[in-house]
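Here the structure is laid out as structure tokens; the discussion comes afterwards.
The values are calculated or read from the model by the stated rules, or taken from the named source; none is laboratory data. Bear in mind that the values here come from a model prediction, so they are computed numbers and not experimental data. Here the Cβ is made from the backbone with ideal geometry for all residues, glycine too, and neighbour counts use every protein chain on show.
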Amino acid sequence: MEIDKVTLTDLSIMDGGDDLSIFNKLDFCRTLPGREKLFENFTTPLKTIEEIVSIQDTLRCIMAKADIWPTQISNGSIMVIQKFYHTTIDQIPANPSSFSAYSYRLLHGPDFHLVKYSAQHAFDFIKGLQLTVAHFLNDNTPAALKNILLRVKKIIDKEQFRIIEKHEKVSSLTLGQQLHLAHFIRYNYKQNMFDLLDAYFQLDAWYGMAMAVKQFGLVFPEFVHSDEPVVKAKGLYHLLLEKPVDYCIELNPQSNFIFLTGANMAGKSTFIKSVGSAVFLAHIGMGVPAQQMQLSLFDGMLSNINVVDNIVKGESYFYNEVQRIKATINKITDKRKWLILIDELFKGTNVEDAMKCSLTVIEGMLKIKNSLFILSTHLYEIGEGLKKYPNISFNYFETSVTDNQLNFSYHLKEGISNDRLGYLILKREGVVDILDKL
């Protein structure tokens, strides 16, 4: 699925280090390089249903055996092994006797301690991978996981590592055996070790994803093989909210456009982001925050939510809105399946102009049946003229007022809202009183 940085940011999936991003919330990796690999997974959505299902099955497999996931491998072990190859040290004896091992310790003190420490962590790393292969590689292992484990098994199938199979901890080895292991890893196994590290980082990324699914009770969506775009979800909610209200949604070629209205803070943006983030997570093989979800494979997803002006280039807010819409339209006329998310179209111009521009864009998009659209707007007046189109549905978020207090249910309802509550919010927050006292 094609997705750009703007959309990843709009949906709070990646947010430039923001601790409240979906990526950070779902990061349960054990190592920093594993987190980096997870980042790669998040920035490269999968392109086929088969790939997605294989990742789903991989996460299920890890979740089912999470209690026996090897814990020998830590972030510290990874750092020590990497440092071992990048630090200059005196030659390690190849087949040290007790005497030569003692001599190396006596004559090369600082290097000896680094070598011994590195051998301990390399032992734990190899041991952890041996156990991972033993516990998770079998005839029923999902394809994605099996490919990684077969690669690992081939690399660690060395005579020098038989001693690791026979011992639980490196402390069971003599000093000479530890130096012999370090010599082999240092001088004869460097590229193999880097290949193993890379394989483990992907395993760690999948482990992190699996633990996130388990921790938050996410559900694996069902992908349907269809030439037409479909999204159907029950109990869908936004992952970043502490007390979310869930939604039910269904979009298909016969009803492929949601015209969404409601007052400020009523929940329009949250709904749009909930749908977009769930569709995205589905395309990287993750579970989604919903009771159940079915969808087709999408070729791409684009959003128009947080448009900004550009002072350096002299581009106004409205100009950049137009450019984003233009780029979106050029994309979705390619007959591929797209999900398009638009929040408050044409905020950068006056109401009359915005109504005319919005109506033109919406009527044009309604001609495109191979994509799905969710568009929110305050311009409820244009809704009446759109009811003649059979493929558009109208939903709103209701707001009630009691004693000048706003009450948001956040429940999605059918119809068009004509709430105008901006002044009430201004008054409720005390801005009117402050201005009256000037």
*Taking the options A134, A144, name whichever one is surrounded by fewer than 19 Cβ atoms within 10 Å (Cβ to Cβ) and in the same structural domain as A66 (by TED's automatic domain parsing).*
A134
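Need a quick list: strands (runs of 3 or more DSSP E) entirely within the stretch 183-254 having at least 3 residues that are out of contact with any helix residue (DSSP H, G or I) (no Cβ under 8 Å at 6 or more places or on another chain) and surrounded by fewer than 21 Cβ atoms within 10 Å (Cβ to Cβ).
Details: elements: 222-224, 231-236, 247-251.
Qualifying strands (runs of 3 or more DSSP E): 231-236.
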*Residues of the stretch 255-294 being more than 18 Å from F42 (Cβ to Cβ) and in a strand (DSSP E or B), which ones?*
S255, F257, I258, F259, L260, T261, G262, Q292, M293, Q294
*Hey, A134 hits all of (1) small (G, A, S); (2) out of contact with any His (no Cβ under 8 Å at 6 or more places or on another chain); (3) over 30 Å from V53 (Cα atoms) but one; which does it fall short on?*
(3)
*In the set M63, M14, which member is in contact (Cβ under 8 Å) with a residue 60 or more places away in the chain and in contact with a helix residue (DSSP H, G or I) (Cβ under 8 Å, 6 or more places away or on another chain)?*
M63
*If you check every pair at least six apart or on different chains, which have Cβ atoms under 7 Å apart with a residue in the stretch 31-44 that is touching a residue at least 40 places away in the same chain (Cβ under 8 Å) first and a residue that is among the acidic types (D, E) second?*
T31/D204; G34/D204; R35/D27; K37/D204; L38/D27
*When you go through T48, T58, T71 one by one, which is the residue that is over 30 Å from P221 (Cβ atoms) and either buried (at least 18 other Cβ atoms within 10 Å of the Cβ) or not charged (D, E, K, R) (or both)?*
T71
*Could you check E222 against (1) under 19 Å from the mean Cα position of the chain (by Cα); (2) closer than 22 Å to N391 by Cβ; (3) among the acidic types (D, E) and say which number it fails?*
(2)
*Are there any pairs with C-beta distances below 7 angstrom linking a residue in the stretch 154-172 that is among the charged types (D, E, K, R) to a residue that is surrounded by 11 or more Cβ atoms within 10 Å (Cβ to Cβ) and assigned to a loop (DSSP other than H, G, I, E, B), with the two at least 6 apart or on different chains, and if so which?*
none
_I'd like to know if the stretch 83-93 contains one or more residues that are over 21 Å from A199 (Cβ atoms) and aliphatic (A, V, I, L, M)._
yes
*Given the stretch 39-139, what helices (runs of 4 or more DSSP H) lie entirely inside it while holding 1 or more residues that are modelled with pLDDT under 95?*
75-86, 98-107, 109-136
*Identify, by number, the condition in (1) of a type in the set (D, E); (2) more than 16 Å from the chain's Cα centre (by Cα); (3) farther than 20 Å from Q215 by Cα that E36 doesn't meet.*
(2)
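Got a sec? Which of N320, N404 is among the polar types (S, T, N, Q), modelled with pLDDT under 90 and more than 23 Å from L302 (Cβ to Cβ)? Please lay out each step first, then the result.
Working: N320 fails: more than 23 Å from L302 (Cβ to Cβ).
Being among the polar types (S, T, N, Q), modelled with pLDDT under 90 and more than 23 Å from L302 (Cβ to Cβ) holds for just one of N320, N404, which is N404.
So, in the stretch 259-274, exactly how many residues are buried (at least 22 other Cβ atoms within 10 Å of the Cβ) and over 23 Å from the mean Cα position of the chain (by Cα)? Before the answer, list the steps.
Restricting attention to the stretch 259-274, the residues satisfying the condition of being buried (at least 22 other Cβ atoms within 10 Å of the Cβ) are 259-263, 266-268, 271-274.
Filter again for over 23 Å from the mean Cα position of the chain (by Cα), leaving 259-263, 266.
Matching residues across the stretch 259-274 total 6.
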*Scan the stretch 124-145 and give yes if some residue there is acidic (D, E) and closer than 23 Å to V80 by Cβ, otherwise no.*
yes
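Would it be correct to say that S277 is more than 16 Å from the chain's Cα centre (by Cα) and either among the aliphatic types (A, V, I, L, M) or not assigned by TED's automatic domain parsing to the domain that holds K154 (or both)?
When the stated conditions are applied, S277 does not pass them.
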_Given (1) in contact with a Lys or Arg (Cβ under 6 Å, 6 or more places away or on another chain); (2) at pLDDT below 95, number of the condition V245 does not satisfy_ = (1)
